[in-house]
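One structure below.
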Amino acid sequence: NGDLLLKNITAQSPFPICFDDLEKAVAEKMEAGPFGYIRSGAGGEQTLRNNRAAFEKYSIVPRFLNDVSNVDTSIKLFGKTYPTPFLFAPVGMNKMAHDDGELAVVRAAQQLKIPYIQSTVSSYGLEEVAQAAPTATKWFQLYWSTNEEIAYSMAARAESAGFEAIVLTVDTVMLGWREEDVRNQFSPLKLGYARGNYINDPVFMASLPDESFESYVQGVLQNVFHPTLNWENVRELKRRSNLPILLKGILHPEDAKLAIENGIDGIIVSNHGGRQLDGVVGSLDALPAIVKAVNGQIPIILDSGVYRGMDALKALSLGADAVAIGRPFVYGLALDGQHGVEKVMTNLYDELKVSIALAGATSLPALRNITLVKKDGVD
Ligand code: FNR
């Protein structure tokens, strides 16, 4: 318990220990197109920088001389208890990183008892993912569709395949201005990496003129961007589904309040890892006002820029109930499949656990009483 770090110091060559090391290792291994797609942010990447800067602004003022030999990191979400406060954020098209794609990630999720959120634009289908890890907690991230019946069909398939919640992403009604992809002339959608859920969807397939690759790609491009998405769609989705519905991409406290008024069961405070609108507030900077507005009525998950255990600690102490991880696990996947994903998540978890104890807390509720300052002392 006291030497979580030392297990990384072995005779073998080390697995990258932090986000920067991971990113460097993946940059050397992957081609520019897919690596740029995963790494980059939209526009001039101000949002990407804001995410990191928001975490770096806060400092902990630790307390000592409490017995911290037992740290409880468990959380409860929608009636189930999990040993860690982490989730896998929905990340599309995992075959870009590794042939096993989403199957490797969901197996890691099952092994570590971390909820897995599968993207609409996955390389493998919902049913295949469910089969690969039958006992993992799985949620389905829904991109609305221009043809609403496709959205309802996918949500219903998720429910029948044993997925336990729907995460409707609200910040991607069209693709962000991603300059790195233009530079690299790279579109994973056009290359067919997002096949999994579409080619297995009867409503989507019936909407195509024929079953050629070109028709499928055109069909995805026509449906995945859906600028008309509005609160009435959210209410209708809620009416048609028996699962808890979360909205992902909430940054304004008024939208958080509207989510509650519209019967939504949880929110993910996120700016899509800086990939959608550039110049957006860092997700951690958006958190306190949302925590205040939500006032404990529904769970709040935060993502975008959680690259260390310490980042998770800060988000949890500012009122998030859990945090979701994006790029770090994708890099782990690219380096070493399921094992790489497990290694990255275990390191995040071990760092979090050590940090909670060293800050003077022994549980996540107790973390909320830790002193955090935006400057360098206590008033
Ligand atoms: C994403 N993200 C994402 N979100 C979503 O709702 N559906 C999706 O299909 C995807 N796809 C996707 C692909 C890639 C390569 C990345 C990096 C991200 C966003 C993701 O869920 C999450 O919000 C961010 O990744 C969190 O930020 P960090 O942890 O990457 O900084």
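Please state which one of Glu148, Glu159 is of a type in the set (Asp, Glu), touching a Leu at 6+ places or on another chain (Cβ under 7 Å) and either surrounded by 23 or more Cβ atoms within 10 Å (Cβ to Cβ) or over 18 Å from Gly273 (Cα atoms) (or both).
Details: Glu148 fails: touching a Leu at 6+ places or on another chain (Cβ under 7 Å).
Exactly one of Glu148, Glu159 is of a type in the set (Asp, Glu), touching a Leu at 6+ places or on another chain (Cβ under 7 Å) and either surrounded by 23 or more Cβ atoms within 10 Å (Cβ to Cβ) or over 18 Å from Gly273 (Cα atoms) (or both), namely Glu159.
Just so you know, in region 311-348 the residues that are within 15 Å of the ligand (Cβ to nearest atom) and either assigned to a loop (DSSP other than H, G, I, E, B) or farther than 20 Å from Lys24 by Cβ (or both) include one that is farthest from the chain's Cα centre (by Cα), and it is Lys314. Looking only at residues of region 289-302 that are part of a helix (DSSP H, G or I) and not β-branched (Val, Ile, Thr), we find that the one that is farthest from the ligand (Cβ to nearest atom) is Lys292. Being within 15 Å of the ligand (Cβ to nearest atom) and over 24 Å from Gln185 (Cβ atoms) is true for just one of Glu31, Glu56, Glu45, Glu23. Which residue is that? Sole residue among the options that is within 15 Å of the ligand (Cβ to nearest atom) and over 24 Å from Gln185 (Cβ atoms): Glu56.
Residues being within 14 Å of the ligand (Cβ to nearest atom), over 23 Å from Leu237 (Cα atoms) and part of a helix (DSSP H, G or I) are entirely absent from region 261-272.
One line per residue, one yes/no per condition, for (1) small (Gly, Ala, Ser); (2) modelled with pLDDT of 95 or more; (3) under 27 Å from Gly79 (Cα atoms):
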position: Asp201; (1), (2), (3): no, yes, no
position: Phe225; (1), (2), (3): no, no, no
position: Leu237; (1), (2), (3): no, yes, yes
position: Ser241; (1), (2), (3): yes, yes, yes
position: Gly249; (1), (2), (3): yes, yes, yes
position: Val281; (1), (2), (3): no, yes, no
position: Leu284; (1), (2), (3): no, yes, yes
position: Gln297; (1), (2), (3): no, yes, yes
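For region 110-167, a residue qualifies if it is charged (D, E, K, R) and either within 14 Å of the chain's Cα centre (by Cα) or under 23 Å from Ala206 (Cβ atoms) (or both), and the qualifying residues are Glu127, Glu128, Lys138, Glu148, Glu149, Arg157, Glu159.
Taking region 59-90 as the search range and keeping residues that are among the aliphatic types (A, V, I, L, M) and within 16 Å of the ligand (Cβ to nearest atom), which one is nearest to the chain's Cα centre (by Cα)? Per the stated criteria, the residue is Ala89.
Report whether or not Met96 is within 15 Å of the ligand (Cβ to nearest atom), in contact (Cβ under 8 Å) with a residue 24 or more places away in the chain, surrounded by 19 or more Cβ atoms within 10 Å (Cβ to Cβ) and under 26 Å from Lys138 (Cα atoms).
Numbers: within 15 Å of the ligand (Cβ to nearest atom): yes; in contact (Cβ under 8 Å) with a residue 24 or more places away in the chain: yes; surrounded by 19 or more Cβ atoms within 10 Å (Cβ to Cβ): yes; under 26 Å from Lys138 (Cα atoms): yes.
Yes: the conditions hold for Met96.
Candidates in region 134-155 are the residues that are among the small types (Gly, Ala, Ser) and touching a residue at least 60 places away in the same chain (Cβ under 8 Å); of these, the one that is farthest from Leu246 (Cα to Cα) is Ser145.
Among residues that are among the hydrophobic types (A, V, I, L, M, F, W, C), under 15 Å from Ser270 (Cα atoms) and not in a helix (DSSP H, G or I), Ala11 is not included. In region 358-379, the qualifying residues are those that are buried (at least 20 other Cβ atoms within 10 Å of the Cβ) and touching a residue at least 60 places away in the same chain (Cβ under 8 Å), and the one that is nearest to Pro115 (Cα to Cα) is Leu364.
Is it true that some residue in region 95-111 is β-branched (Val, Ile, Thr) and touching a Pro at 6+ places or on another chain (Cβ under 6 Å)?
Step one: list which residues in region 95-111 are β-branched (Val, Ile, Thr), which gives 105-106.
Narrowing the set further to residues that are touching a Pro at 6+ places or on another chain (Cβ under 6 Å) leaves none.
No; the residues of region 95-111 include none that is β-branched (Val, Ile, Thr) and touching a Pro at 6+ places or on another chain (Cβ under 6 Å).
Residue-wise test of (1) assigned to a helix (DSSP H, G or I); (2) in contact (Cβ under 8 Å) with a residue 12 or more places away in the chain; (3) surrounded by 18 or more Cβ atoms within 10 Å (Cβ to Cβ).
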| site | (1), (2), (3) |
| --- | --- |
| Pro227 | no, yes, no |
| Glu232 | yes, no, no |
| Arg239 | yes, no, no |
| Leu246 | no, yes, yes |
| Glu254 | yes, yes, no |
| Lys257 | yes, yes, no |
| Val280 | no, yes, yes |
| Leu287 | yes, yes, yes |
| Ser304 | no, yes, yes |
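Within the set Leu284, Leu251, the sole residue that is in contact with a Lys or Arg (Cβ under 8 Å, 6 or more places away or on another chain) and within 14 Å of the ligand (Cβ to nearest atom) turns out to be Leu284.
In the set (1) surrounded by 13 or more Cβ atoms within 10 Å (Cβ to Cβ); (2) free of Cβ contacts under 8 Å to residues at least 40 places away in the same chain; (3) not hydrophobic (A, V, I, L, M, F, W, C), Gly79 fails one condition alone, (1). Screening Asn51 with (1) within 11 Å of the ligand (Cβ to nearest atom); (2) of a type outside the set (Gly, Ala, Ser); (3) touching a Lys or Arg at 6+ places or on another chain (Cβ under 8 Å) gives one miss only, at (3).
The values are calculated or read from the model by the stated rules, or taken from the named source; none is laboratory data. The structure displayed is predicted, hence computed values, not measured ones. Cβ sites come from the backbone with ideal geometry, for glycine too, and all protein chains shown count toward neighbours.
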